[in-house]
Amino acid sequence: MSRALTRQLAQIRSALMAGNAPAALAGLDDLTRIAARKGIDAPTRDLLEPALADLRALAQASLKGAQQAAEQVRAIVQAARSLQTYDSLGQRHVNETRANAPQRF
């Protein structure tokens, strides 16, 4: 495998690990350009496939983590905007508080 491809794969991996999506996308664009310019033969393709599979798994894990974080933020915002009480039978009641979203100045 060429050094340029190896270096580019390492940069993409480190960008994904750091959570830097724009750098990872830019790295993928560069990898595509390098591969198109130099071409990829069958042995190189076989060597690249495990590294690309690793990058796919990292990207999927990053997406899943981002989706979970967004869901938690939505739950926090909903909890902040509502008042949850329980009656004597243990039934939950949710009353909207109509609280304004916090503002930063």
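The values are calculated or read from the model by the stated rules, or taken from the named source; none is laboratory data. In this text the structure is predicted, and so the values were computed from the model without any measurement. Virtual Cβ from ideal backbone geometry, glycine too; neighbours counted across all protein chains shown. We work out accessible area using only protein heavy atoms, side chains counted, and drop any ligands, DNA or RNA first. Shrake-Rupley method; radii C 1.70, N 1.55, O 1.52, S 1.80 Å.
The table for this structure:
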read-out	value
Number of positions in segment 47-91 that are of a type in the set (Asp, Glu), under 16 Å from the mean Cα position of the chain (by Cα) and over 18 Å from Leu25 (Cβ atoms)	1
Tabulated pairs, segment 21-36, first more than 25 Å from Lys64 (Cβ to Cβ), second open to solvent by 60 Å² or more (accessible area, probe 1.4 Å) and part of a helix (DSSP H, G or I), C-beta under 9 angstrom, 6+ apart or interchain	Asp30/Gln11
Unique residue being closer than 14 Å to Ala4 by Cβ and not in a loop (DSSP other than H, G, I, E, B) when the list is Ala35, Ala57	Ala35
Test: residue in segment 80-94 that is in a helix (DSSP H, G or I) and not aliphatic (A, V, I, L, M)	no
Any hit, segment 36-48, residues being among the polar types (S, T, N, Q) and open to solvent by 60 Å² or more (accessible area, probe 1.4 Å)	no
Near pairs, Cβ below 7 angstrom, 6+ apart or cross-chain, from segment 61-86 (modelled with pLDDT of 85 or more) to any residue that is surrounded by 11 or more Cβ atoms within 10 Å (Cβ to Cβ)	Ser62/Leu16; Ser62/Gly19
